[in-house]
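Data first, discussion second: the structure below is written as structure tokens.
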Amino acid sequence: MPTRGHGASRSDRTIGRLLLAAVLCALPASRPLWAAEVEIRVIAHPRRAAALTAVDVRAIYLKQKLYWADGQTLVAINRESGSQAREHFSTAVFGQGSRRMADYWNRRYFDAGEFPPATLASDDAVRRFVASNPNAIGYVLTRDLDESVAVVLVIAAPSEAP
Amino acid sequence: MGRVVRRGIGLLLAVCLVCSPAGAAEPPAAAPASDAASATALGEAPILAVGPIEYRPGRGLHLGPTGLTIGGFTNVKAEYSDESHGEFSLDLLNVFLIFDKIPHFRAVAELQLKDILTASKESVGTADFAFDVRRLFGDVTVTEELRIRAGIFLTPVGYWNLILAPPLTWTTEIPLIVEETFFQETTTGVMVYGAAQLGPGYLNYAAFSQFLQPLSDDPDLDPPDNTAGARLVYDSGPAWSAGLTFQAAEKTSRWTQLGAVHAIWQPRRGEVLAEFYAQGGEGLPSTQWGTYLQGVLEVREPFYLVGRYEYYDPPGAAAPINLFLAGAVAKPFPFMAVKVEYRYADRSLDGDDLGGVFASFSTFF
């Protein structure tokens, strides 16, 4: 009996190891299970508190979507290129870093004389600008937000450097 | 001798292609770049500011409260072929004037100085110099779904014709089918266009018509009397897009019809682009068609490799042409490109040898 019991336990362990190996093999190589995520908070003026989708946000930052529902012109604010917030946002929303996105803006500049969204250099600057402009939209990494802005979307992005 | 040099450079490019670390290399770790330097490199931060007047590299000089921006691009080109035996040219200097002070309205002018200076073994001079108002249009945005463009604008056929600025392209030489006479580079008339969300992306449409004669007196232009066309493009963010274009053109009561398909896929480390044009009608002796497939691979930022295969079946009795191109591109800044490429064609077109080595430097300013 002890031998049989001991044998069953070893069999269980073997199956367990095989299952673990199968699960680990099934994970995408570039994204370990234990990789942390950062949360990017897309913020707008409290008057614009209705939730947005990721497709909306992408269209706003590509200047495909230009107006709020009431016809007011959207004012999208980027963080400066090279900043963690910008690179996380760019990779999560567009699938490309800010340098590759410059190609998109080169085409828009040439085709129609259009320019990319303006940039601000800190989370706090973005928060203050958005709080003071009812047509603005921005994004921050900080969770430390007050009621001066409304969080309209939270985007999860891998924490490793894009 | 030229053929030997051409083959030697072709071999060198082939060796570079084989030895490049593209296949094995992991993307380089993100350098802890200075934010200010990075922003300047992307043309987002001004490098010169005097009061409200700011200059951003690659994005022009913005004249503050006037709403006027002055920018443009330049292209310097060199080529070596059996025909040219070496030629250097200050190829293009294009100046943009952009006015966007008024909500819902933007005006764009593009003035082009072409073949400003050409130097070859035989001569140096400005004999080919030409000035052109290449584009001049006003854009009214009624809604995202309804915009109106009137004036002279790039004909919205396919993909490449809308990026006809050397800093935007991966090769010095444009594909033969874009260069040949499937359609006019610009349209003088009106375009109604817009975009609407469809699933995870945007569906863009354009309906355009030429009913005015171009301003330019370029003798090479032989514009149709009237054109009408439509273009549909599905755009999934910057990752990929695909589109269809149809254009009918009339010249002295003889009609041609053009159909075009294009697709572009832009993963993080490269780009694949393909276009197909076919054109027939009573205005041509027989149907002409052509296609190309181009691939770009980021070897290590800012260095890229590019390869392209082209096929062109001209109208009439002329035999089809197969064309191969291999090249390398460096983009020290996103608005600047240094390119070198080798092009081989299995036959000439109208007596012109299409092969050779081509190099260029181009930048937005």
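Values quoted throughout were computed directly from the atomic coordinates according to the rules given, and no laboratory measurement underlies them. Predicted model, so just to flag it, every value in this text is computed and none were measured. Ideal geometry is used to build each Cβ from the backbone, glycine not excepted, and the neighbour counts take in all protein chains shown.
Which residue, chosen from B:SER84, B:ASN161, B:GLY43, occupies the Cα position most advanced towards the positive end of the dipole of region B:2-364, where the dipole is computed from +1 (Lys, Arg) and -1 (Asp, Glu) charges on Cβ about the Cα centre? Most positive-ward Cα: B:GLY43. Inter-chain neighbour count for A:111-120: the average number of beta-carbon atoms from partner chains within 10 Å of each residue's beta-carbon is 6. With a 10 Å cut-off around each Cβ of A:52-65, the average count of Cβ atoms from other chains is 3.
Note that region B:152-243 shows a convex hull volume over its alpha carbon atoms of 110 Å³ per residue. For chain B, the relative contact order comes to 14 percent (Cα pairs under 8 Å, sequence separation of at least 6). Taking N as the residue count of region B:2-364, its C-alpha radius of gyration divided by 2.2 N^0.38 Å amounts to 1.03. Between region A:57-112 and region B:145-211, what is the separation of their alpha carbon centroids in Å? About 21 Å separates the Cα centre of region A:57-112 from the one of region B:145-211. Counting only DSSP H runs of at least 4 residues, each contributing -39500 (n - 2.57), and dividing by the residue count of chain B, the helix-based mean residue ellipticity at 222 nm comes to -2500 deg cm²/dmol. Counting only lysines at least 8 places from A:LYS63 when in the same chain, those with an alpha carbon closer than 29 Å to its own are B:LYS101, B:LYS331. What you get for region B:2-364, charging only the Cβ of Lys and Arg (+1) and of Asp and Glu (-1), is a dipole of about 840 debye around the Cα centre. Note on B:LYS121: lysines with a C-alpha under 24 Å away, same-chain residues under 8 apart excluded, are B:LYS77, B:LYS339.
Ranked from largest, the principal axis spans of the Cα set of region A:41-112 equal 33, 30, 19 Å.
Report the GluC sites (Glu not before Pro) located in region B:229-326 that are in a DSSP loop and have at most 14 other Cβ atoms inside 10 Å of their Cβ, or state none.
Working: sites: B:GLU250, B:GLU271, B:GLU275, B:GLU282, B:GLU298, B:GLU310; in loops: B:GLU282.
Counting only loop positions with at most 14 other Cβ atoms within 10 Å, the GluC sites (Glu not before Pro) in region B:229-326 are B:GLU282.
Just to be sure I understand: with springs between alpha-carbon atoms less than 10 Å apart, which residue in B:GLY72, B:GLY64, B:GLY194 has the highest mean-square fluctuation in the Gaussian network model of chain B? Result: B:GLY64 has the largest fluctuation of those listed. Each label was represented as a point 7 Å from its Cα along the Cα-to-Cβ direction; for B:SER123 and B:ALA239 these points are 5.4 nm apart.
Among B:ALA78, B:ALA242, B:ALA319, the largest mean-square fluctuation in a Gaussian network model of chain B (Cα springs under 10 Å) belongs to B:ALA319.
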